[in-house]
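*Asks:* Before anything else, here's the structure in question.
The values are calculated or read from the model by the stated rules, or taken from the named source; none is laboratory data. Model, not experiment: these values are computed from the prediction. Counting neighbours? That spans all protein chains shown, and the Cβs are built from the backbone with ideal geometry, glycine included. Accessible surface is based on the protein model in full, side chains and every heavy atom, while ligands, DNA and RNA are left aside. Shrake-Rupley method; radii C 1.70, N 1.55, O 1.52, S 1.80 Å.
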Amino acid sequence: MDQMTAVERYQALKNGQSVDRAPVILYDNLIAAKLVGMTYQESESSAEALAKKLVASYQTFGHDAVSLIYSTKNFTKLLGTEVKVAEDAPASVSRYALDDLADLDCLPYDAVHFDNDLGQQKVFQAVKIIQEETDGQVYCRIHMPAPFTAAAGLIAPEKLLRATRKQKDELNALLNRVLAILKDVVDQFSQLEGTYISLSDPVASGSLISPRVYRQFAQGYTQELVNYIHQKESFVALHICGQTEKILADVVETGVDAFSVDQVVDLAKAKEILADHLQVQGNIAPVDLLWQGDPQSISQAVEAAYACMGTDPMRFVLAPGCDVPAESPLENIHAYMDAARRFGQVTSK
């Protein structure tokens, strides 16, 4: 059993004091809905429903930060992107606001602000409810898009990728527009206590773009947003789906405090490049293990991750490689947390 709350654990580490175990991340936004008998869309329908499932997740599993999602679709809808809703999964795009980057200046940017953005309002209020109902025991990790992925919410990804070759000036103009919007979102979320930001950049994956394109169109804008978040005195993490081994050194240059490693990345390689510069988070396979695996295989994977990375929380925090699927058996999530408590004992310095 845990001897400390999540907040007590992080505060002790910050002050150089001993802790009962290393912190553990669980990307719980999808699986938490089943804990309260809701579909995913029901659990995201209001601040109260969102808070209810995440409080239940923390109370059930005891991880160190619950996951609230501010998705690209929240602000791109205000600019004209249309979405379709699936009951047990996040919404997807049915029509993009832009057909061509030449039309960039035609979008209604004045419509994007907190008073109009129901997604911002929902996350903001849910954080307050969670902190009240847990007596401030758990951190709230707010996931929001990095600029390159946010831009892909306004124009089809294949057109965005084509623009990296044929419409470079227009693409940079779009990225600057998006960056300004994301800074405004940070202004709102930075007012909240007990939170930190986790940037998601799946469209910047090495599985989709080259290292050259990442450096030219993703890295710099991410770095500027990270610098802005740091001005608000907030910790900031970054997750890029898929293969990222060729850009790990570039991730360091963004200035993020932590990098969440996808399960396809060699953890030893990530340690070699990243661990002296930032906190590595990862990378237990969410599908192969947490959904389709069994408690024994999960325990073995957790043990292997700590054997590779060590238990110093400044250098490594155990996490899934991406979102935990809603279909994952609850016994597998308990096995993940039990193994983390068993193998994640922090050695006194």
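*Asks:* What nm distance separates the two modelled labels at Q125 and V252, each placed 7 Å from Cα along Cα→Cβ?
*Replies:* So the two model labels end up 4.5 nm from each other.
*Asks:* Let me ask another. In region 1-111, what percent of the accessible surface is made up of carbon and sulfur (1.4 Å probe, ligands and nucleic acids excluded)?
*Replies:* Ligands and nucleic acids excluded, carbon and sulfur reach 47 percent.
*Asks:* Where does region 60-105 land on Rg/Rh, using Cα atoms and the Kirkwood Rh?
*Replies:* 1.17
*Asks:* Quote the FRET efficiency, to the nearest 0.05, computed for D288 versus A102 with a Förster distance R0 of 41 Å and r equal to the Cβ-Cβ distance.
*Replies:* 0.40
*Asks:* Nearest 10 degrees is fine. How inclined is helix 47-61 to the longest principal axis of the chain, computing both from alpha carbons?
*Replies:* 30
*Asks:* Would you mind pulling out the separation of the Cα centroids of region 91-110 and region 302-347, in Å?
*Replies:* A separation of 40 Å, based on Cα centres.
*Asks:* Output needed for region 77-155: three equivalent-ellipsoid semi-axes, defined as square roots of 5 times the C-alpha gyration tensor eigenvalues, in descending order, whole Å.
*Replies:* 30, 15, 12
*Asks:* Which distance in Å, rounded to a whole number, links the C-alpha centroids of region 36-69 and region 180-209?
*Replies:* Spelled out, the Cα-based centre of one part sits 20 Å from the other.
*Asks:* For the chain, what does the relative contact order come out to in percent, with C-alpha contacts under 8 Å and a separation of six or more? Walk me through the numbers before you get to the answer.
*Replies:* Values: 655 pairs, mean separation 63.2, N = 349.
Normalised by residue count, the contact order of the chain is 18 percent.
*Asks:* Leaving out ligands and nucleic acids, note down the accessible area per residue over the chain with a 1.4 angstrom probe, in whole Å².
*Replies:* I get 42 Å² per residue for this part.
*Asks:* Roughly how many Å² of T72 are accessible to a 1.4 Å probe, to the nearest 10?
*Replies:* Per-residue accessible area (T72): approximately 20 Å².
*Asks:* Find how much the distance from A268 to Q41 grows on full extension, using 0.36 nm per residue of separation minus their present alpha carbon separation; answer in nm with one decimal.
*Replies:* 78.0 nm
*Asks:* Amide H to amide H, which residues 5 or more places from I284 or on other chains are under 5 Å from it, using H placed in the peptide plane?
*Replies:* Placed amide hydrogens put A319, G321 under 5 Å from I284.
*Asks:* If you don't mind, another one. Could you size up the charge dipole of the chain around its Cα centre, putting +1 on the beta carbon of Lys and Arg and -1 on that of Asp and Glu, and report it in debye to the nearest 20?
*Replies:* Computed about the Cα centre, the dipole is about 580 debye.
*Asks:* Let me check I have the definition right: for region 237-349, take the eigenvalues of the Cα gyration tensor, multiply each by 5, take square roots. What are those semi-axes in whole Å, largest first?
*Replies:* Working: eigenvalues 107, 57, 21 Å².
After diagonalising the Cα gyration tensor, the semi-axes are 23, 17, 10 Å.
*Asks:* Turning to a different aspect of this structure: Which angle from 0 to 90°, rounded to the nearest 10, does the C-alpha axis of helix 157-166 make with the longest principal axis of the chain?
*Replies:* Between the helix axis and the principal axis of the chain, the angle is about 60 degrees.
*Asks:* Rg/Rh for region 51-186 to two decimals, with Rh computed the Kirkwood way over all alpha-carbon pairs.
*Replies:* That ratio equals 1.04.
*Asks:* Continuing with this model, one more query. Compute the angle between helix 220-231 and the longest alpha-carbon principal axis of the chain, please, reported from 0 to 90 degrees and rounded to the nearest 10.
*Replies:* That helix lies at roughly 60 degrees to the long axis.
*Asks:* Let me ask another. Given the DSSP H assignment, sum -39500 (n - 2.57) over each helix run of at least 4 residues in the chain and divide by its residue total; what's the result at 222 nm in deg cm²/dmol, nearest 500?
*Replies:* Mean residue ellipticity at 222 nm (helix-derived): -12500 deg cm²/dmol.
*Asks:* Still on this structure, please answer the following. Multiplying the sequence separation of C308 and R162 by 0.36 nm and subtracting their Cα-Cα distance, what value in nm do you get?
*Replies:* The C308-R162 span can extend by a further 48.6 nm.
*Asks:* Past the 25 Å Cα-Cα mark, which pairs from K52/K232; K122/K183; K14/K122; K14/K269; K34/K271; K14/K73?
*Replies:* Values: K52/K232 28 Å; K122/K183 18 Å; K14/K122 30 Å; K14/K269 27 Å; K34/K271 34 Å; K14/K73 35 Å.
In this structure, K52/K232; K14/K122; K14/K269; K34/K271; K14/K73 exceed 25 Å between Cα atoms.
*Asks:* Taking only Cα atoms of region 1-115, what ratio of Rg to Rh do you get with Rh as the Kirkwood inverse-distance radius?
*Replies:* My calculation puts Rg/Rh at 1.13.
*Asks:* 7 Å from Cα along Cα→Cβ at both E133 and K84: what's the point-to-point distance in nm?
*Replies:* 3.2
*Asks:* How far is the Cα center of region 219-245 from the Cα center of region 138-179, in Å?
*Replies:* Cα centroid to Cα centroid, the span is 14 Å.
*Asks:* I would also like to ask the following. Using only the C-alpha atoms of the chain, find the volume of their convex hull and express it per residue in Å³.
*Replies:* Taking only Cα atoms, the chain has a hull volume of 122 Å³ per residue.
*Asks:* I've got another one for you. Which order do D28, D250, D105, D266 take by accessible area at a 1.4 Å probe, largest first?
*Replies:* Greatest to least solvent exposure: D105, D266, D250, D28.
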